[in-house]
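> Got a structure here, written out as structure tokens. Questions coming.
The values are calculated or read from the model by the stated rules, or taken from the named source; none is laboratory data. The shown structure was predicted, so the numbers you read here are calculated from the model rather than taken from an experiment. Counting neighbours? That spans all protein chains shown, and the Cβs are built from the backbone with ideal geometry, glycine included. SASA here: full protein model, heavy atoms, side chains in, ligands and nucleic acids out. Shrake-Rupley method; radii C 1.70, N 1.55, O 1.52, S 1.80 Å.
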Amino acid sequence: MRVSRRPHAGSMNAVRLGGSLPLLVALGLGCSGSGASGSGSGGNGGSLTSGGGPSASGASGGGLSASGSTGASAGKGGVGVNVGGGGTSGVGNGGSTAGGGVSGGAVSVTGGNSAAGGQNASGGRSGTGGTVGTGGSAGAAGGAGGAGGMASNPSGPPMGWASWNSFAAKINSTVIKTQADALVSSGLQAAGYQYVNIDEGWWQGTRDGSGNITIDATEWPGGMQAIADYIHSLGLKAGIYTDAGRDGCGYYYPTGRPAAPGSGSEGHYEQDFLQFSKWGFDFVKVDWCGGSKEGIDAKTAYQAISNAIKKATEQTGRPLVLSVCNWGDQSPWNWAPSLSTMWRTSQDIIYYGSAPEMSRVLTNFDSAQHAAAQSPGHFNDPDMLIVGMSGFTAAQNRSHMALWAISGAPLLAGNKLDSMSSDTKSVLTNSEVIAIDQDLLGKQGVRVADDAGRQVYSRQLSGTGRRAVLLLNRTASAATITARFADLGLGATASVRNVWTATDLGAKTTSYAASVPANDSLLLLVTEGASP
Ligand code: GAL
């Protein structure tokens, strides 16, 4: 069993080159909109607009997308982004899949507060109504809702699913297709998850006489292009994996297959990344086993990889998000932001066969604290999620997700999507938590208070005076933790909302204190002023 192949701290950086193909994004700000547009044919989401100020798109966001529903060929809806304008925010959007009456437009929704100030999940939900074909009325409700967007922000941290945590190297076309299908049918796609990332195990390091990668056609009928095509046919994006070094990790656990040499891209950077792009991949995670073994300079290697990717994209026209995975070695936060979308900052969050552990989640969270390195399109990566993996409680799942959201970390689910519980699904798809993660400012939350393990993290969100706040109790006893508004950079009065329960707790003066169970957390949205 592979446990400690790397004695040193490892980290993986996943990077996403800017410009991943955005789904249509309908972003409504504030305007409550009458949502008159209930009927109609599959609405396409509007174009992404940011910035504050009420706009018509509040109305059209909800309304439009919801309306897509009845159409047999409902158009692709946009994916909402919560841009938040100080509590009046936003909305939007439509479903991310076309067709068939299932999707229709609106998948959307949530979270934002309507112009009228009321919480408005219902707007979004109504968008979802559109999904099932209620058409007109759904549209109307959607407009009224102007709810916060539920899905991913084109320059936000990548969201999707990756094969490693649950399957290790035991993957093939069937495994990936099953999980891709489940990503759609479970509602994760509608919530903004879009990448299906094939991690180690797809290739045994074989090449033909010209150095081109050769594929086992039994495991991957039609080769890797076929699986990328399949993923795309679901309206999703496809990710693949290699190593910056010559040999790669070669851990084919749990297949029993011996480690194969040559499963890295060193010596073939331009050839391999062009190949990935030609096959249709949109994302590539580049590991560091070979690089580490050879003792090469990480910045130099990943810069060459980034250059090869740029060259490939020039040829194919297909952007390829780069996820740097060198486990925090050689301090990637100092150089990876300029050449990648995300960079791992620590060792693996779980090793195959082990039970999920909260201590690893916390260690990876701590190791990813490099706020200065983060900006829209460039993210510290504490690793793929273990939410929903066997052994974690609902509270642990929530805390893990909240830690990633307050960090603005990539959300790459690692559980088996085809068999997850409804509780896991609700944690992964919570639209307000996702909106925090995907916030347009792209900032990382920072620790603003620490009283012997009773900690407060604050993340500045877009809009005015908005903060995501995590009260984190790292002690073994329940404790009262206080978020002082001055520590959050806010004035004396602020409105507090419990994010997981979607409950407004009212306006508070100078601070908010709550009891947090042992080893648990409370995720809040704090908005300056007396109303949210
Ligand atoms: C590690 C990496 C993991 C996974 C694994 C495959 O280096 O951190 O996320 O990709 O390799 O062997």
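> Taking R0 as 25 Å, what's the FRET efficiency between Thr255 and Thr393 from their Cβ-Cβ distance, rounded to 0.05?
Details: r = 31 Å, r/R0 = 1.23.
Taking R0 as 25 Å, the efficiency between Thr255 and Thr393 is 0.25.
> If DNA, RNA and ligands are ignored and the probe is 1.4 Å, what is the ranking of Trp343, Trp335 by accessible area, most exposed first? Working shown, then result.
On the way: Trp343 0, Trp335 20 Å².
Heavy-atom accessible area, descending, gives Trp335, Trp343.
> Now, a different point. Quick one: the Cα spread of the range 162-308 along its three principal axes, in angstroms, biggest first?
The Cα atoms of the range 162-308 stretch 43, 34, 28 Å along the principal axes, largest first.
> Beyond a 23 Å Cα-Cα separation, which of these cross-linked pairs lie in this structure: Lys177/Lys299; Lys310/Lys443; Lys177/Lys443; Lys285/Lys311; Lys278/Lys416; Lys278/Lys311? Don't skip to the answer; put the middle values down first.
Values: Lys177/Lys299 34 Å; Lys310/Lys443 26 Å; Lys177/Lys443 34 Å; Lys285/Lys311 17 Å; Lys278/Lys416 28 Å; Lys278/Lys311 12 Å.
Listed pairs above 23 Å: Lys177/Lys299; Lys310/Lys443; Lys177/Lys443; Lys278/Lys416.
> Please sort 318-329, 200-211 by packing, taking for each peptide the average over its residues of neighbouring beta carbons within 10 angstrom, highest first. Could you put the intermediate results ahead of the total?
Values: 318-329: 25.8, 200-211: 15.8.
Top of the packing list down: 318-329, 200-211.
> Here is a further query. Given the peptides 511-523, 213-225, 409-421, 452-464, arrange them by the average over their residues of other C-beta atoms within 10 Å, most packed first.
Values: 511-523: 18.2, 213-225: 15.4, 409-421: 22.7, 452-464: 19.7.
My ranking of the peptides, most packed first, is 409-421, 452-464, 511-523, 213-225.
> Taking Lys508 as the anchor, which aspartates and glutamates have their alpha carbon closer than 19 Å to its alpha carbon, excluding any fewer than eight residues away along the same chain?
Asp487, Glu528
> Further question: Where only protein heavy atoms count, and the probe is 1.4 Å, what is the accessible area per residue for the range 412-523 in Å²? Don't jump to the answer; show the numbers that get you there.
Values: 4120 Å² over 112 residues.
Value returned for the range 412-523: 37 Å² of accessible area per residue.
> Ok, one more. May I ask you to list the aspartates and glutamates whose Cα is less than 17 Å away from that of Lys237, ignoring any residue fewer than eight positions away on the same chain?
Once the sequence-local aspartates and glutamates are set aside, what remains near Lys237 is Asp181, Asp199, Asp229, Asp282.
> How charged is the neighbourhood of Ala476? Take every other residue with its Cβ under 13 Å from the Cβ of Ala476, and add Lys/Arg as +1 and Asp/Glu as -1. Before the final figure, lay out the partial values.
Values: positive: Arg454, Arg474; negative: Asp520.
Around Ala476, the surrounding residues sum to +1.
> Per residue, what volume in Å³ does the convex hull of the Cα atoms of the range 238-304 enclose? Mind showing how you got there, number by number?
Numbers: hull volume 6.0 nm³, N = 67.
Cα convex hull per residue, to the nearest whole number: 90 Å³.
> Also, I was wondering about something else. Relative to the present Cα-Cα distance, how much length would full extension add between Glu314 and Ala355 at 0.36 nm per residue of separation?
10.4 nm
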